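Let me begin by presenting the structure, written as structure tokens, before commenting on it.
The values are calculated or read from the model by the stated rules, or taken from the named source; none is laboratory data. Computed from a predicted model, the values in this text were never measured in an experiment. With ideal geometry, Cβ positions are generated from the backbone for all residues, glycine too; neighbour counts draw on all protein chains shown.
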Amino acid sequence: MVANLAASRNPDTIAMKRLAKVRELFPVKKSRDAAQSVDAVERVTRRLRQMIFDGDLSGNQKLRQEELASRLGTSRHPVREALGRLAGEGLVIFRPRYGYRVASFGPDEIAEVFDMRMVLEEHAGYLATLNRTPAAIAHVAETIGWMEELAKRGNDDYQRWSVINKLFHERLFAASGRRHLCRLIGTLRDSVESYLRHSIPQIGIDDSNAEHLQIYQAFRDGDAQRASRLCRQHVRHLAHDLVDGLTRKSSAAKRIA
């Protein structure tokens, strides 16, 4: 009883009781306007990210908030918040007095991104294979089926292939159960997504599809060592083709100039 009395007189206990009473008397209600504002920021962030991926906003392009707000049919506030988020993802760059612009990477910077991806995706592929479930196998198999169906049609729908390709890797690595690892990989992949989409017609997708199938088979069969090795090779092959293409394109532009 003495212990209970002492606890009731403890300053921390008294403070917590008072705080609980205040919250009871003055409950904090979520503002509908605040919720709508968050939704607007999410929508604008997704739209701007997609515009960068699709090349509607090109590298080094200056991003004027008024123009983007008008283009997206919204106010400046969600645009400003969205640009801040995209800066954190490395997709846009902010400079005081100059504002925001779309990030532009040279061949060396892209190679650096792929170097980091090789390490992380190799590890993620290993863990994903160890921790796979029947449901995870089915989800990854579904994306393989979509790729094969797209290839059978014989059309060059590179934009749709890019979406399926992104989903394949997301589902594969999600099987690892490592949320933070997947987030880091996603950020790195997004930072070079626009370069990849513009280079697909030159690089082609047949080799990539074949590598996806090999990765899936190792993942399905539980061969973690092989799956991780194939994930690393997949990134290395893509990096070589992409950087080589950008380097040749840059050299050609310099000769013309």
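Some notes on this structure:
- Residue in region 98-114 that is on the phi > 0 side of the Ramachandran plot, over 17 Å from the mean Cα position of the chain (by Cα) and touching a residue at least 12 places away in the same chain (Cβ under 8 Å) present: yes
- Test: residue in region 37-47 that is of a type in the set (A, V, I, L, M, F, W, C), modelled with pLDDT under 85 and either assigned by TED's automatic domain parsing to the domain that holds Asp244 or over 21 Å from Leu196 (Cβ atoms) (or both): yes
- Restricting Arg97, Arg132 to residues that are under 21 Å from Gln233 (Cβ atoms) and among the basic types (Lys, Arg) narrows the list to Arg132.
- Of the set (1) of a type in the set (Phe, Trp, Tyr); (2) at pLDDT below 95; (3) within 16 Å of the chain's Cα centre (by Cα), all apply to Phe94 but (3).
- Matching option when the condition is over 20 Å from Leu242 (Cβ atoms), surrounded by 15 or more Cβ atoms within 10 Å (Cβ to Cβ) and in the same structural domain as His234 (by TED's automatic domain parsing), among Ser176, Ser199, Ser191: Ser176
- Each residue in region 102-120 was checked for being in contact with a strand residue (DSSP E or B) (Cβ under 9 Å, 6 or more places away or on another chain) and buried (at least 18 other Cβ atoms within 10 Å of the Cβ), and 2 of them qualify.
- Selected residue (criterion: surrounded by the most Cβ atoms within 10 Å (Cβ to Cβ)) from residues of region 121-168 that are in contact (Cβ under 8 Å) with a residue 40 or more places away in the chain and not in a helix (DSSP H, G or I): Arg132
- Count of region 55-92 residues, restricted to those that are without any contact (Cβ under 8 Å) to a residue 40 or more places away in the chain and not hydroxyl-bearing (Ser, Thr, Tyr), is 19.
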